[in-house]
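> First the structure, then my questions, so here it is.
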Amino acid sequence: MLYELLIAPFAEFGFLRRALVGCLVMSVAAPPLGVFLMLRRMSLTADVLAHGILPGVAAGFILAGLSVTAMSVGGLVAGLAVTLGAGALSRATGGREDSALAALYLVALALGVTMISASAGSVELTHLLFGSVLGVDDPALLMMAGVATFTLGALAFAWRPLVLECFDPSFAAAEGARGGAWHLLFMGLVVLNVLAAFQALGTMMAVGLMMLPAVAARHWARAVGGMVYAAVGIAVLASASGILLSYHLDVPTGPAVVLAAGAAWIVSVLAGPVDGVLARVMRRRHLAG
Amino acid sequence: MSGAIRLRDVTLSHDRHPAVHHLSGEFAPGSLTAIVGPNGAGKTTLLRAIAGLHPVDEGRIERPVERIALLPQMSALDRSFPIACLDVAMLGHWRRCGALGAIGRASRAQAEAALEAVGLGGFARRPVGSLSAGQFQRLLFARLLVQDAPVILLDEPFNAVDARTAADLLRLVRDWHGQGRTVVAVLHDLELVRREFPETLLLARDPVAWGATEQALAAANRLRARMMAEGWDEAAAACERAA
């Protein structure tokens, strides 16, 4: 019975195994980035990036069709341009970064949809907007695995400066910690991960596995390290259960994975030990000292 | 311990409006100076510029020392950040360890001793989110102790802390002064300045007075400072004074 529910689908169908591997790979690399984005109060930035890459992806698509390489290169260029552009724009105008990002993301989304619609049908558009977890092919899988490996390696090196830059940027600047350079590396990692996730989840939900587990993890740990472990655990659970749910209930896989992560977030908000609703309602007796 | 920090006709500005206007003078090595003045008088901007965090518009700041430690205003930090007290104290080792250097047992012991010295012994594993405002300020002082810099800049170190914490932290400031470090503190409590700080810089955009505390705080100067704090003039012309 349990075998039927949990194992059989993967044993039976290759495309489900592929989808699972793809989602698990992303679950290891993206949530740690999500935790740092959340701590820098940049939770929406990843979403903006995911939309911002669309024109680049569309350009790649127009030139070479649904080729992972062409779309990834296009998306990478567009993503880096949006990141640097938003930063420069907010510095130049003295405005707040989030308003510049909101403007960029709307323009990029409209531009991307226009480009794709002009050169292809609604099937391709749907594919690019919402992704297809079950359609992940070998090149896409290799790219996801490569991005995840690079991300984990880079995070291991950048961990200390990233935490410092998040907690006290002016201390970092005064001590000559080159916070700006580390931040740039970090944003580069976010772009890469959004691109990898885009292969499976599409523009609209690419950051689902990055942000939702990270936001949920806030309720399970009081240290950055603990949050990262919790976020990865939640993402892994959400990936597996989302794919299984979509198989058994016959609903689209990408949204099912993101919904599973969303359910984990709701449970965390309610029952998480740190600032959870339940912990607040069920007040336990105070300690002796 | 080090040479003087010299300001030569320094002007610092926000959006071309001067926050500090044609300031010259020096913080002698081992001096203990208070910076006082009305809100918006450029005190924080001056500290940040000395620490290298604010661009110098005109003039020059000479810093013969390479290590300057700055205590930021507490409100500039996210006090709910998920980090443990010991880790914050150990950030003071950054100059020596950098991004990848190992933090040895000696460095760790040093950070633990610093926590002990500010009265936070036993708090090593506690997240900073559980600290009160006074305890958080003690923690930032622990980081300063670990930094062990010859020049220490304090931005409103005793704001929003209880009297006992203020007294404990003041003792650390006195120790630093005794060790020959140069200490500059932005303060509002004039009684405290009179009691503890031999030198005072009275700032109200334009430097009003700089020297021995008693003279600097003389009543006439205080009055003048209040008059000069009228702030931001939209129609201000470019300053004609020679740089």
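Laboratory data are not the source of any read-out in this text; all were calculated from the coordinates shown. Keep in mind the model is a prediction, meaning the values are calculated, not measured. Positions of Cβ are backbone-derived with ideal geometry, glycine not excepted, and every protein chain shown enters the neighbour counts.
> Among the residues of the range B:43-71, which ones are of a type in the set (Lys, Arg), within 12 Å of another protein chain (Cβ to nearest Cβ) and crowded, with 19+ Cβ neighbours inside 10 Å?
B:Arg48
> Here's something else I'd like to know. Given (1) surrounded by fewer than 21 Cβ atoms within 10 Å (Cβ to Cβ); (2) assigned to a strand (DSSP E or B); (3) among the small types (Gly, Ala, Ser), identify the lone condition not met by B:Gly40.
(2)
> State whether the residues of the range B:89-109 include one that is outside any loop (DSSP other than H, G, I, E, B), within 18 Å of B:Thr33 (Cα to Cα), more than 10 Å from chain A (Cβ to nearest Cβ) and out of contact with any helix residue (DSSP H, G or I) (no Cβ under 9 Å at 6 or more places or on another chain). Write out each step before concluding.
Initially, the range B:89-109 is screened for residues outside any loop (DSSP other than H, G, I, E, B), giving B:89-97, B:105-109.
Those left that are additionally within 18 Å of B:Thr33 (Cα to Cα): none.
No, the conditions are met nowhere in the range B:89-109.
> While we're on this one: So which residues in the range A:133-171 are aromatic (Phe, Trp, Tyr) and either away from chain B (no Cβ under 12 Å) or under 16 Å from the mean Cα position of the chain (by Cα) (or both)? Break it down stepwise before answering.
Taking the range A:133-171 as the starting set, the residues that turn out to be aromatic (Phe, Trp, Tyr) are A:150, A:157, A:159, A:167, A:171.
If the condition is that a residue be aromatic (Phe, Trp, Tyr) and either away from chain B (no Cβ under 12 Å) or under 16 Å from the mean Cα position of the chain (by Cα) (or both), then A:Phe150 is the only one that fits.
> Any residue that is touching a residue at least 40 places away in the same chain (Cβ under 8 Å), farther than 24 Å from B:Ala160 by Cα and at the interface with chain A (Cβ under 10 Å from one of its Cβ atoms) - is there at least one of those in the range B:79-87?
Checking the range B:79-87: not a single residue is touching a residue at least 40 places away in the same chain (Cβ under 8 Å), farther than 24 Å from B:Ala160 by Cα and at the interface with chain A (Cβ under 10 Å from one of its Cβ atoms).
> While we're on this one: Restricting to the range A:120-140, name every residue that is assigned to a helix (DSSP H, G or I), of a type in the set (Gly, Ala, Ser) and surrounded by 14 or more Cβ atoms within 10 Å (Cβ to Cβ).
A:Gly135, A:Ala140
> Of everything in the range B:162-184, what is surrounded by fewer than 21 Cβ atoms within 10 Å (Cβ to Cβ) and assigned to a loop (DSSP other than H, G, I, E, B)? Give them in sequence order.
B:Asp162, B:Gln179, B:Gly180
> Which of (1) without any contact (Cβ under 8 Å) to a residue 60 or more places away in the chain; (2) within 14 Å of chain B (Cβ to nearest Cβ); (3) in a helix (DSSP H, G or I) does A:Arg41 not meet, given it meets every other one?
Tallying (1) without any contact (Cβ under 8 Å) to a residue 60 or more places away in the chain; (2) within 14 Å of chain B (Cβ to nearest Cβ); (3) in a helix (DSSP H, G or I), A:Arg41 fails exactly one: (3).
Yes or no, residue by residue, for (1) basic (Lys, Arg); (2) over 17 Å from the mean Cα position of the chain (by Cα); (3) at negative phi:
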residue	(1), (2), (3)
B:Arg8	yes, yes, yes
B:Arg16	yes, yes, no
B:Val20	no, no, yes
B:Ala28	no, no, yes
B:Ser31	no, no, yes
B:Gly37	no, no, no
B:Ala41	no, no, yes
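> On to the next question. For A:Val267, indicate whether it is away from every other protein chain (no Cβ under 14 Å) and part of a loop (DSSP other than H, G, I, E, B). Spell out how you get there, then give the answer.
Numbers: away from every other protein chain (no Cβ under 14 Å): yes; part of a loop (DSSP other than H, G, I, E, B): no.
Here the answer is no, as A:Val267 does not meet what is asked.
> Could you list, in sequence order, the residues of the range B:115-161 that are over 25 Å from A:Val274 (Cα atoms) and small (Gly, Ala, Ser)?
Result: B:Ala117, B:Gly119, B:Ala142, B:Ala149, B:Ala160.
> Tally the residues that are assigned to a helix (DSSP H, G or I), among the β-branched types (Val, Ile, Thr) and either surrounded by 15 or more Cβ atoms within 10 Å (Cβ to Cβ) or over 21 Å from the mean Cα position of the chain (by Cα) (or both), restricting the search to the range A:50-70. I'd like the intermediate steps shown before the answer.
Applying the first criterion (assigned to a helix (DSSP H, G or I)) to the range A:50-70 yields A:50-52, A:54-64, A:68-70.
Imposing the further condition that a residue be among the β-branched types (Val, Ile, Thr) reduces the set to A:57, A:62, A:68-69.
Adding the requirement that they be either surrounded by 15 or more Cβ atoms within 10 Å (Cβ to Cβ) or over 21 Å from the mean Cα position of the chain (by Cα) (or both) leaves A:57, A:62, A:68.
Number of matching residues: 3.
> Considering only the range B:120-139, state which residues are within 14 Å of chain A (Cβ to nearest Cβ) and free of Cβ contacts under 8 Å to residues at least 24 places away in the same chain.
Answer for the range B:120-139, where residues must be within 14 Å of chain A (Cβ to nearest Cβ) and free of Cβ contacts under 8 Å to residues at least 24 places away in the same chain: B:Gly122, B:Ser130.
> Somewhere in the range A:178-189, is a residue exposed (fewer than 15 other Cβ atoms within 10 Å of the Cβ) and either within 10 Å of chain B (Cβ to nearest Cβ) or among the small types (Gly, Ala, Ser) (or both)?
yes
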